[in-house]
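Okay, structure first, notes after.
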Amino acid sequence: MEQVRSFLHRRRLLIAWLAVVAVCILAILWVRYDLAERTDNQPVYQIVNDDYSRTVAIPASGGLKQKIPVRQNQRLYGVRVNMTTYDHAFATGTLHADLLAADGSVLAQGSMDCLSIRDNTFETVIFSEPYLPFADGNLTLHLWYEGMSGVDLDLPLGLWASDVQVDDMALTDATENLNATAALQYVVDYSGNWSARMLLVPGILILAAVAISFWLLLGKNPRPALAVLAAGGLLGCAFALVTPPLVAPDEYTHLSVAYQFAGQLLGQPTIAGDGSVLVRACDAPYFLNQTGDIGIFAYKTMGEAFFQPGGGIPDTPTGIFTDMTGRISWLYLGQTAGIALARLLGLGFFAMLLLGRLGNLLVYLLLAVLAVRLAHPGHKWLFAAAALLPMSLQLAGSLSADAMVLGVVFSYTALCFALRQRAGAPWQILLLLILAACVGPAKAIYLPVVLLCLLIPAAHLDWRPVARVAPLKIGPVRIAAGNLVKLLAVLLAGGCWVQANLGALLYATRDVDSVGLTRGAVALATAVAVLVVVYYKARQHTLARRIFYGVVIAGVVIGVPVVFYNLTHMWGGLTPEDLVNSIQPNGDSIYTFSAGYLCRNLGAAVKLLLRSVPEQGALWLEGVLGTVLGEPIVYRVEVSWLLTIGLLAALAAAALPAESDPRSNLQLSGRSRLGISLVALCVVGLTFFAALNWTPINYTTIFGVQGRYWLPVLPLALLLLHGNRRWFTRRPAGRGAVYAVLCITSFVLLQGYSLYVTWQVTA
């Protein structure tokens, strides 16, 4: 017994690995079994004759022949015939259905056991190979059976038919026309075993991710960056395969943009004469809808058409008008490269889409790995956990530009907090400026993230070989080298932000009193400047300082109501006639919560937000983590709430410091915690403002807020949790927590695939 215990102790990691792999295999096999029961062998039928009132027995010799019309390119997978057993259950025999040409040659064959035939029920006979007519015409369906034995030999097997012949569809036996037409349906689509075929590659990828990452994370030498690269790559590829075409968030828009950038890269035409997007003929059908289809038949269509070629120069107008103004090309670097490569190789639409997704995934992985490598050792696990969340990998495995934004913000945040703990090398300081310049224009709502650089001690941003206390002299101004870097970072981000978002900002503020606000801003800036000078003079004298604080408080007490009154009573507003005439045929008002309308109707905006939180709050949380998949407005594919709770627990474990390792607890001062909280709240506030700007004023809840918009600032919440002074784990739990996130993401993938596959079958 002692030897057994010693062996188990020495091989505990191997045993644990085998157990994890076994559970993963069982989960994949269960999904395969469950989908086989629910979605395999599902027919899509088309009624040919629904007029039936009598039964016709199938002769044991020769069977019955039914004339049937066919259309060019209408694929026939089989037939459905209303059978009757005359209240008998057959135990033997096989029913055959042969599709015959005019000369009697067999075009397609199918069969079923008579044991499966139910009385007075449409039974499906699937051909061994589907038949595709090359022209309109008439064929013959030959129904016959064989193999009867025992009591079954003497009992009839028949089908339901009409009293008289329908059109030219004659039903005959070996000797005569029966003046009838069988109750018949065509099987025009058939799911077969496509659920298993489509699960094969993602299942292997998931198993590989779980198996390989075990040793990268839980082995003797954990490698978080390599684990993110390996697991993120494998699971991201699985997401790229599992997510149906154009079903990822806003993917149809990103496809149009990336397609045009790819055309510009290849030197091919991008815009038609009417201003719409110009595409290849093979791609045109997929640009017509704002989302793709889901369900087993959507996967089947993709699988059958994946290897179809698709060459040619774009020459087909789509009728889609995508405004490229303000689109930032580097956000689509991966998608553009993938789509351009696919078009160079002459690949069809689905292969092109997959290469675009994989290109986007590659760019995200490089940035995610960079974030983990840049992060302080005490923060690596929480960044790795955020990078492997289902939403992160779903966005990366699609055409979404948010993947690039996510990687850039993660890297910038990790670098800022790393430089809080140590002096930065010149290349790190340069990288900080580059990332700040990228964060600014990436997406308007993330501009406050740039202010995280203000938390870095100025001495840590001095690029000189030996940091000197002496400030730099720029003309008459003296400034610390580190503060100059911070100023440059903020100015770069702000300038790039204005360049990218000025149009959107002007639109959002289209109905405000710009003159009045400008005067107010100038007055406020002047007052702040005066207060700064006065404080500088009075800070050394206690009485003067107290008087100063009193004046400031009095100014705030008086100024806030005055500002509030002026904002709520600025010029403009809507008359009752405007409100009545603003309603469109779809019930939405043409007016939205613009900046001016918000100022004049703050109460209505507050009520809207208060109603939205309880109604949509759970969905926002799922959106941050990724336990709601697909396009949430069109297809809300929600996985189990148990997985949501599991991800929350794993993220908390990844963030909490270990009591047994005091060095891992990088505590934050009260001022730092306040600054981080304000940055996160500003991003949330800007998200609501942007959504309100698109929300019609007659809506009862806010429109357009999705939890994924807050994913880039999720590490800030985790950093606040890490820097706390009260909550700890007894032992370091980071790598186990990251592995838990990885495993839960795998479960999200499997359940998401199941929900995608069964959507049309169960809906």
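The values are calculated or read from the model by the stated rules, or taken from the named source; none is laboratory data. As the structure is a prediction and not an experimental result, all values here were calculated from the model. With ideal geometry, Cβ positions are generated from the backbone for all residues, glycine too; neighbour counts draw on all protein chains shown.
Being in a helix (DSSP H, G or I), at pLDDT 85 or above and not acidic (Asp, Glu) is a condition met by at least one residue of the stretch 515-532. Evaluated against (1) out of contact with any Asp or Glu (no Cβ under 7 Å at 6 or more places or on another chain); (2) surrounded by fewer than 18 Cβ atoms within 10 Å (Cβ to Cβ); (3) of a type outside the set (Lys, Arg), THR92 falls short on exactly one condition, (1).
Table: residues versus (1) farther than 21 Å from ASP168 by Cα; (2) part of a strand (DSSP E or B); (3) small (Gly, Ala, Ser).
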{"position": "LEU35", "(1), (2), (3)": "yes, no, no"}
{"position": "ASP51", "(1), (2), (3)": "no, no, no"}
{"position": "THR55", "(1), (2), (3)": "no, yes, no"}
{"position": "ARG80", "(1), (2), (3)": "no, yes, no"}
{"position": "THR92", "(1), (2), (3)": "yes, no, no"}
{"position": "MET112", "(1), (2), (3)": "yes, yes, no"}
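Six or more apart or on different chains, Cβ under 8 Å: which pairs go from a residue in the stretch 1-30 that's at negative phi to one that's part of a helix (DSSP H, G or I) and modelled with pLDDT under 70? Could you list them? Pairs found: ILE15/LEU8.
Residues that are of a type in the set (A, V, I, L, M) and closer than 19 Å to TYR52 by Cα: does the stretch 94-116 have at least one? No, the stretch 94-116 contains no residue that is of a type in the set (A, V, I, L, M) and closer than 19 Å to TYR52 by Cα. Among residues of the stretch 390-418 that are in contact (Cβ under 8 Å) with a residue 24 or more places away in the chain, those with a Cβ under 8 angstrom from a residue that is surrounded by 24 or more Cβ atoms within 10 Å (Cβ to Cβ) and acidic (Asp, Glu), sequence gap 6+ or separate chain, pair up as LEU395/ASP402; SER398/GLU251; LEU399/GLU251; SER400/GLU251. Just to be sure I understand, how many residues within the stretch 38-55 are of a type in the set (Val, Ile, Thr) and either in contact with a Gly (Cβ under 7 Å, 6 or more places away or on another chain) or surrounded by 18 or more Cβ atoms within 10 Å (Cβ to Cβ) (or both)? So the answer is 3. Only residues that are among the β-branched types (Val, Ile, Thr) and at pLDDT below 85 were counted across the stretch 612-670, and they come to 2.
Scanning the stretch 216-236 for residues that are out of contact with any Phe, Trp or Tyr (no Cβ under 7 Å at 6 or more places or on another chain), surrounded by fewer than 23 Cβ atoms within 10 Å (Cβ to Cβ) and not small (Gly, Ala, Ser) returns LEU216, LYS220, ASN221, PRO222, ARG223, LEU226, LEU229.
As a summary of the residue check, HIS88 satisfies the conditions (1) assigned to a loop (DSSP other than H, G, I, E, B); (2) under 23 Å from GLY192 (Cβ atoms) except for the one numbered (2). For the stretch 365-398, the set of residues classified as touching an Asp or Glu at 6+ places or on another chain (Cβ under 8 Å) and farther than 21 Å from LEU648 by Cβ consists of SER398 only. Quick check on the stretch 673-695. Is at least one of its residues within 24 Å of VAL606 (Cα to Cα), of a type outside the set (A, V, I, L, M, F, W, C) and at pLDDT below 90? Yes, the stretch 673-695 contains at least one residue that is within 24 Å of VAL606 (Cα to Cα), of a type outside the set (A, V, I, L, M, F, W, C) and at pLDDT below 90. Of all the numbered requirements in (1) assigned to a strand (DSSP E or B); (2) of a type outside the set (D, E, K, R); (3) within 14 Å of ALA57 (Cα to Cα), VAL187 misses one, and that requirement is (3). PHE307 meets each of the listed conditions (1) part of a loop (DSSP other than H, G, I, E, B); (2) buried (at least 18 other Cβ atoms within 10 Å of the Cβ); (3) not β-branched (Val, Ile, Thr) apart from (2). Within the stretch 571-604, the set of residues being part of a helix (DSSP H, G or I) and either within 22 Å of LEU506 (Cα to Cα) or at pLDDT 75 or above (or both) comprises ALA595, GLY596, TYR597, LEU598, CYS599, ARG600, LEU602, GLY603, ALA604. For ALA481, are the conditions met, namely being in contact with a Lys or Arg (Cβ under 8 Å, 6 or more places away or on another chain), in contact (Cβ under 8 Å) with a residue 12 or more places away in the chain and surrounded by 11 or more Cβ atoms within 10 Å (Cβ to Cβ)? Spelling it out, ALA481 is indeed in contact with a Lys or Arg (Cβ under 8 Å, 6 or more places away or on another chain), in contact (Cβ under 8 Å) with a residue 12 or more places away in the chain and surrounded by 11 or more Cβ atoms within 10 Å (Cβ to Cβ). If only residues of the stretch 316-363 that are closer than 21 Å to PRO244 by Cβ, of a type outside the set (Gly, Ala, Ser) and assigned to a loop (DSSP other than H, G, I, E, B) are counted, the one that is nearest to the chain's Cα centre (by Cα) is ILE320.
Of note, LEU567 does not satisfy the criterion of being modelled with pLDDT under 80 and under 16 Å from PRO696 (Cα atoms). Filtered by the rule that a residue be of a type in the set (Val, Ile, Thr) and assigned to a helix (DSSP H, G or I), the stretch 663-709 gives ILE676, VAL679, VAL683, VAL684, THR687. Among LEU415, LEU419, which is the only one that is among the aliphatic types (A, V, I, L, M) and modelled with pLDDT of 95 or more? After ruling out the rest, the residue left standing is LEU415. Of the strands (runs of 3 or more DSSP E) lying entirely inside the stretch 121-161, not one contains at least 3 residues that are of a type in the set (D, E, K, R). Identify, from the list ALA371, ALA384, the residue that is buried (at least 23 other Cβ atoms within 10 Å of the Cβ), farther than 22 Å from GLY675 by Cα and small (Gly, Ala, Ser). Exactly one residue qualifies, and that residue is ALA384. Pairs linking a residue in the stretch 176-190 that is under 24 Å from PHE127 (Cα atoms) to a residue that is of a type in the set (Lys, Arg) and in a loop (DSSP other than H, G, I, E, B), with Cβ atoms under 8 Å and 6 or more positions apart or on different chains, are VAL188/ARG75; ASP189/ARG75. Checking each residue in the stretch 40-57 for being within 47 Å of the chain's Cα centre (by Cα) and among the hydroxyl-bearing types (Ser, Thr, Tyr) picks out only TYR45. Filtering ARG611, ARG636 for residues that are free of Cβ contacts under 8 Å to residues at least 24 places away in the same chain and either of a type in the set (D, E, K, R) or surrounded by 13 or more Cβ atoms within 10 Å (Cβ to Cβ) (or both) leaves a single hit, ARG636. Per the conditions (1) in contact (Cβ under 8 Å) with a residue 60 or more places away in the chain; (2) touching a Leu at 6+ places or on another chain (Cβ under 8 Å); (3) part of a helix (DSSP H, G or I), the sole criterion not satisfied by HIS376 is (3). Is there any pair linking a residue in the stretch 33-46 that is more than 12 Å from ASN193 (Cβ to Cβ) to one that is basic (Lys, Arg) and surrounded by 15 or more Cβ atoms within 10 Å (Cβ to Cβ), with Cβ under 6 Å and at least six apart or on different chains, and which? Close Cβ pairs (under 6 Å, with a partner that is basic (Lys, Arg) and surrounded by 15 or more Cβ atoms within 10 Å (Cβ to Cβ)) amount to TYR45/ARG80.
Filtering LEU433, LEU419 for residues that are surrounded by fewer than 23 Cβ atoms within 10 Å (Cβ to Cβ) and among the hydrophobic types (A, V, I, L, M, F, W, C) leaves a single hit, LEU433.
ARG735 fulfils the conditions (1) modelled with pLDDT of 85 or more; (2) of a type in the set (Lys, Arg); (3) not in a helix (DSSP H, G or I) except for a single criterion, (3). In this entry, ALA240 is excluded by the filter for residues that are modelled with pLDDT under 95 and under 26 Å from TRP620 (Cα atoms).
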